[in-house]
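Below is one structure, written out as structure tokens, with a few remarks after it.
The values are calculated or read from the model by the stated rules, or taken from the named source; none is laboratory data. Nothing here was measured: the structure is a model prediction, and the numbers come from that model. Here the Cβ is made from the backbone with ideal geometry for all residues, glycine too, and neighbour counts use every protein chain on show. Only protein heavy atoms, including side chains, enter the accessible area calculation; ligands, DNA and RNA are left aside. Shrake-Rupley method; radii C 1.70, N 1.55, O 1.52, S 1.80 Å.
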Amino acid sequence: EGKPVLLVNPGIPLATADVFAAWDGVDGGPLTDWRRGRNDLGPAAAWLVPEIDSVLRWRRDRPGAEFVLLSGSGASCFALFADQATLDAAAAAVPPQWWHLPTRLR
């Protein structure tokens with residue numbers, strides 16, 4: 001059984017090509033610990049779609065999420081949870097204008 005995860009998207013289209021065009025080109029290098037993860041494309045994606053920061057802040061401000069980050073070039077974000085109950089509570093609280101999918105990693 002996989003780790004509970006919540007996908008959330010603010011519902012605003014974001015083209016990968018636009019994100020790479022806005023990216024500063026700085027590669028943060030390899031990660032030594034995934035829990036200190038980052039997404040080097042995050043600042044460019046959030047600059048193009050500021051609602052991404054709203055999604056990330058909303059998720060980080062609520063209990064239960066162990067790890068929150070932008071997925072790829074955006075605009076979807078994800079949060080990992082310790083258990084199904086905290087995932088279910090978070091999914092129930094997602095603002096109605098945002099698309100979301102509670103699921104599990106395999």
Scanning segment 59-73 residue by residue, those under 16 Å from Pro10 (Cβ atoms), touching a strand residue (DSSP E or B) at 6+ places or on another chain (Cβ under 8 Å) and not β-branched (Val, Ile, Thr) turn out to be Arg59, Arg60, Leu69, Leu70, Ser71
Do you know which of the residues in segment 33-76 that are small (Gly, Ala, Ser) and farther than 19 Å from Trp98 by Cβ is modelled with the lowest pLDDT? Gly37
If we keep only residues of segment 2-56 that are charged (D, E, K, R) and within 27 Å of Ala92 (Cβ to Cβ), then the residue nearest to the chain's Cα centre (by Cα) is Asp53
Residues in segment 70-106 that are in contact (Cβ under 8 Å) with a residue 12 or more places away in the chain and open to solvent by 30 Å² or more (accessible area, probe 1.4 Å) total 21
Considering segment 1-57, residues that are in contact (Cβ under 8 Å) with a residue 40 or more places away in the chain, of a type in the set (A, V, I, L, M, F, W, C) and in contact with a strand residue (DSSP E or B) (Cβ under 8 Å, 6 or more places away or on another chain), and then whichever is most open to solvent (accessible area, probe 1.4 Å), we arrive at Leu7
Evaluate the following for Val8: is it touching a helix residue (DSSP H, G or I) at 6+ places or on another chain (Cβ under 7 Å) and modelled with pLDDT under 95? no
